[in-house]
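A short worksheet on the structure shown next.
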Amino acid sequence: MSYTFPHAVHSGTHRGGHVQGIAIDEAKGHIYFSFTTELVKTDYDGNLLGSVKGLIGHLGCIVFDPDRRRVIGSLELKHDAIGKGIVSRTGHDLAEEDAFYLVSFDVDAISRKDMDAEADGIMKAVWLKEVLEDYNATDEVSGKPHRYGCSGIDGTALGPVFGADPTSPKKIMVAYGVYGDVTRKDNDHQVILSYAPDIFDTYGAPLCQDAPHHQGPDTPEAKYFFYTGNTTYGVQNLEYDPHTRTWLTAVYTGKKEAFPNYPLFFIDGRTAPVLSPLAGRNGEEGLTLRATRLGHMPDEATPGCRFPLGSTGIYAFGDGRYAFSVHGRTEEGFTSTVVLHRLDETRDDLFAE
């Protein structure tokens, strides 16, 4: 059976927190919403099919893996202002340690409302040592906490290795959150880690948030740097688009006056990374990714786009159509309306409903 995506889909109202990302299962006509501490499953008519609760960390951007039929996302268990806000809202305390995970949900097992992320056995987690080390480190350049300004992880996507054939095996790409401290110069890159999708088969284990496990690889397969200039909390949503062979990179805009502070960037998926010095890092080298221009985007070192949507959810259908989440809030809770757009390179903002 084939399903036609409508112009708009409404999520309903949920109390887990504001929407962080969306993922779409085209084969079954299902949409998944990350509402910070809750994963919600609906059909294309917005009918609730199931939900997963019980998270006391920040579930961020999500992506659907059609080959393994699971939703993958980033999960932060941390004690900064974001973590404390979640603790205050949920009424549950965190374990003393900070921890960062890739998590995987068995989507076909999500069959009813209010399933429990721990008790119902539908979620596995892989601990990311690399993220924790950068989060805990004092930066060698600025002497400030958090190497590269790392605040954890958020943007998550599936796609081929940068510069590889588009039919090559997909990798999980997960991007750092980055504190937007305008007084430092060492936090102007987006940092992206790469892992193989079978990482959950090797390391995945149920998560007990009272005693976070440490099952995960010592290092990622690769660590990339994408120079955007300052952002507020780094990559909110990351999405690979087979149509343009780019990675849509949505951020909360930065506040350093030296940068144009765009909300949306495009990483060139056709070009392999180059080992080169990282701006603001005193000669440190890293695998750098190249930005690309679409349509009327400005011809500058790191071009971007003023399109206002993307930070709370993107899905690329691969044929020039895109679904963007428009978040909302009422007295009853939080909502998302997923609106269909098409690429229009004659427009300055690139996307039209």
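What follows draws every value from the coordinates through simple rules; no lab data is involved. What you see is a predicted model; the values in this text were computed from it and never measured. Positions of Cβ are generated from backbone atoms using ideal geometry, with glycine treated the same way; all protein chains shown enter the neighbour counts.
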Legend entry - Rounded to the nearest 20 debye, dipole of the stretch 235-327 from Cβ charges on Lys, Arg, Asp, Glu: 100 debye
Legend entry - Karplus (6.51, -1.76, 1.60) ³J(HN,Hα), θ = phi - 60°, over the stretch 136-148, in Hz, Gly and Pro reported as x: 7, 6, 7, 5, 5, 8, 8, x, 9, x, 6, 4, 6
Inset, instruction - Using Kirkwood radius over Cα pairs in Å as the read-out, say which of (1) 20.1; (2) 24.1; (3) 23.1 was calculated from these coordinates. - result: (1)
Inset, instruction - Let me have the relative contact order for the chain, percent, based on Cα pairs under 8 Å that are six or more residues apart. - result: 16 percent
Inset, instruction - Putting +1 on Lys and Arg Cβ atoms and -1 on Asp and Glu Cβ atoms, find which of Cys208, Ala222, Thr244 reaches farthest to the positive end of the dipole of the stretch 178-271. - result: Thr244
Inset, instruction - Using every Cα-Cα pair within the stretch 163-285, state what percent have a distance larger than 20 Å. - result: 52 percent
Inset, instruction - Please report, in debye to the nearest 20, how large the charge dipole of the stretch 137-245 is about its Cα centre when each Lys and Arg carries +1 at its beta carbon and each Asp and Glu carries -1 there. - result: 240 debye
Inset, instruction - Can you pull the one-decimal nm distance between simple spin-label points at Thr167 and Ala279, each 7 Å off the Cα toward Cβ? - result: 3.7 nm
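So, counting K/R as plus one and D/E as minus one, what does the shell of residues with Cβ under 10 Å around Val9 add up to?
Numbers: positive: none; negative: Asp43, Asp45.
Spelling it out: positives minus negatives among the neighbours equals -2.
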Legend entry - Cut-off 14 Å between beta-carbons: net charge of the residues surrounding Ile172, Lys and Arg +1, Asp and Glu -1: -2
Legend entry - Which of Phe351, Pro169, Phe100, positive extreme of dipole for the stretch 8-352 (C-beta unit charges): Phe351
Inset, instruction - Find how many whole Å separate the alpha carbon centroid of the stretch 306-353 from the alpha carbon centroid of the stretch 114-128. - result: 29 Å
Legend entry - Helix-only mean residue ellipticity at 222 nm for the chain, each DSSP H run of n ≥ 4 adding -39500 (n - 2.57), per residue, nearest 500: -1500 deg cm²/dmol
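Taking the number of other C-beta atoms within 10 Å as the exposure measure, put Met123, Met115 in order starting with the fewest.
Values: Met123 28, Met115 21.
Ordered by Cβ neighbours within 10 Å, fewest first: Met115, Met123.
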Inset, instruction - Go ahead and set up a Gaussian network model of the chain, Cα springs under 10 Å, then flag whichever of Gly21, Gly121, Gly254 fluctuates most. - result: Gly121
Inset, instruction - Pull up the cross-link candidates among the lysines for Lys78, meaning alpha carbon to alpha carbon under 19 Å and not fewer than 8 places away within one chain. - result: Lys53, Lys124, Lys129, Lys144
Inset, instruction - Answer rounded, prolate or oblate for the stretch 1-146, using the Cα gyration tensor with square roots of eigenvalues a ≥ b ≥ c: rounded when a/c is under 1.5, else prolate when a/b is larger than b/c, else oblate. - result: prolate
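Taking the Cα centre of the chain as origin and charging only Cβ (+1 Lys, Arg; -1 Asp, Glu), how large is the dipole, in debye to the nearest 20? All intermediate terms of the calculation are to be shown ahead of the outcome.
On the way: 33 positive and 50 negative charges, 95 e Å.
It comes to approximately 460 debye.
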Legend entry - Choice from Phe259, Phe105, Phe226 showing the highest fluctuation, given a GNM over the chain with Cα pairs closer than 10 Å: Phe259
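Would you list Asp154, Asp319 from fewest to most Cβ contacts within 10 Å?
Asp319, Asp154
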